[in-house]
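K.L.:
I have a structure here, written as structure tokens, and I will follow up with some questions on it.
A short reminder: the numbers here are calculations on the coordinates, not readings from a lab. Here the structure is a predicted model, which is why all the values come from computation and not from measurement. Positions of Cβ are generated from backbone atoms using ideal geometry, with glycine treated the same way; all protein chains shown enter the neighbour counts.
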Amino acid sequence: MDSLTPTQRDRGLQRLRRLTFGATAGGLIAVVGASYVAASSYAGKSSSGGTALTTTATTDTTASSSSTSSTSSSSSLQSTPTAPTTGSSGSGTVTSGGS
Amino acid sequence: MPVALKSWKALGTSVHVLCTHDDTRPFHAGAADDALEAASTAVRDVLEDVDEAYSRFRDDSELTQLNANAGRTIRISPLLATAIDAALRAARLTDGAVDPTIGRAIRVAGYDDDFSRIAAEDFDERGRGMKLRAWRVPGWQGIRLDRRLRTVWLPRDVELDLGSTGKALAADLAATAAIAAAGGGGVLVSLGGDIAIAGEPPSGGWRILVAEDSRVRPDGDGDVICVPGGGVATSSTTVRRWSRGGAVLHHIIDPQTSLPTSGPFRTVTVVAATCLDANIASTAAIVRGEAAIEWLTSCRLPARLVEEDGTIHYIGRWPDPASVAA
């Protein structure tokens, strides 16, 4: 095998540097692109949003407030699991009306 | 199952506490009464805290101080933070139909004192010669509540009124405190017809007479439903009425017009997982007017709506009144 001239060796090294730079840059672009796609597809959840209410609840001196804090964070109005029934049974009648 | 009842007045309305005895504990004569006494004391304590935190008619309440300091960041108690948080959630979930920034609008319209004192004055004398005025509702979006730091900032033109959601929240808090104090069994707390239930209900559920006015006797005529848990709330334009400039007004303000609502429904009752959610839905339904039926249906909440002419609509899983046994 013929030995390389200094000029040929320098050209070879320059080509190798370009290839290394290109591969690194390409990899970086691929990682950023994949991250963007992942972030767009799944926004994730913030842990701080839930702890704000917890903090309010734990600093509360009444146990009752803590239970309502969790209720008031619901993102929709909540219905009961069991539907009301007609008044042929039951006991302890009270009136629900305007006041 | 024995049920015991205790009633008194607080927050400008009637309070009823009902208790059942815990079947897993040894029964003795007066067991339900013992539970009732403990539950009632817990309810009184909660209502006193509520009155101090967010009464609109007390100069020394936290809410009054907060309204006087609009434009500044104020640190508030856990209870007031919970109440404002609940009011803002109500505004979000109803697209602003239930808005806590109606404070000045309802005061300008004439509801500027505890209603027992307004009602005690001569209806005509008070309203005669006084012009009906409206104050634009500024909107809830400008309120800044930091739940972690428990601070709140109100825009300078905002005056909060937590009346709509505040009473229902108080009922939920009181029921939770009452069942803890009673040590078991079941508890029902009614604040002026807004009802919260906790613990084990009596067999068949709690019987509730649905009326337009919470002062109607429970054994009166009308639709009766049985509810095992959660909350029931009724909003009505037929109560808390006064006059201004010849117009008869009521306490449910439409944030769009800044005046009492004038829609097709005069009374709406809703059953939900909490009294707060039931109250949010019933108040929003009155404000939304003709769109209320579609909205309540989309919320999947059982509801009963009464039109101005008395026509009644039953929504969702509300029981068919035709099947009620005599």
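K.L.:
Which distance in nm do the two modelled labels at residue B:68 and residue B:219 give, with both placed 7 Å along the Cα-to-Cβ direction?
P.N.:
Each label point is offset 7 Å from its Cα along the Cβ direction, giving 4.8 nm.
K.L.:
Express the relative contact order of chain B as a whole percentage, based on alpha carbon pairs under 8 Å and six or more residues apart in sequence.
P.N.:
Worked out over chain B, it gives 17 percent.
K.L.:
Counting partner chain Cβ atoms within 10 Å of every residue's Cβ in B:188-195, what's the average?
P.N.:
3
K.L.:
Then there is this: Run the numbers for residue B:9 and residue B:144: contour at 0.36 nm per residue of separation, minus the present Cα-Cα distance, in nm.
P.N.:
Extra length from residue B:9 to residue B:144 when fully extended: 45.2 nm.
K.L.:
Taking 37 °C and 0.692 mPa s as the conditions, I'd like the Stokes-Einstein D for region B:198-266 in µm²/s, using the Kirkwood hydrodynamic radius from alpha carbon pairs.
P.N.:
Translational diffusion coefficient: 225 µm²/s.
K.L.:
Arranged by the count of other C-beta atoms within 10 angstrom, fewest first, what order do B:227, B:232, B:3 take? Intermediate results must be reported in sequence, preceding the final value.
P.N.:
Numbers: B:227 25, B:232 31, B:3 19.
Fewest to most other Cβ atoms nearby, the residues stand as B:3, B:227, B:232.
K.L.:
Under a GNM of chain B (C-alpha, springs under 10 Å), which listed residue has the highest mean-square fluctuation: B:277, B:157, B:309?
P.N.:
Of B:277, B:157, B:309, the Gaussian network model singles out B:309 as fluctuating most.
K.L.:
Could you give the distance between the Cα centres of region B:136-155 and region B:231-308, to the whole Å?
P.N.:
24 Å
K.L.:
Inside 10 Å of the C-beta atoms of B:206-218, what's the mean count of C-beta atoms belonging to other chains?
P.N.:
Mean number of neighbouring Cβ atoms from other chains: 5.
K.L.:
Shielding by partners for B:259-270, please: the mean number of other protein chain Cβ atoms within 10 Å of each residue's Cβ.
P.N.:
1
K.L.:
Something else now. What whole-number value in cubic angstrom gives the convex hull volume per residue for the C-alpha atoms of region B:138-180? List each step's numbers first, then the result.
P.N.:
Details: hull volume 3.7 nm³, N = 43.
Hull volume normalised by residue count: 87 Å³.
K.L.:
Sticking with this structure for a sec: With a 10 Å radius around each residue's Cβ, average the other Cβ atoms per peptide and rank B:284-295, B:190-201, B:68-79, B:165-176, highest first.
P.N.:
Peptide ranking by packing, descending: B:165-176, B:190-201, B:284-295, B:68-79.
K.L.:
In square nanometres and to one decimal, what's the mean projected area of the convex hull around the Cα atoms of chain B? Can you show the working numbers first?
P.N.:
On the way: hull surface 68.9 nm².
Dividing the Cα hull surface by four gives the mean projection, 17.2 nm².
K.L.:
Go ahead and run the numbers for FRET between residue B:247 and residue B:45, Cβ-Cβ distance against an R0 of 41 Å, rounding to 0.05.
P.N.:
0.50
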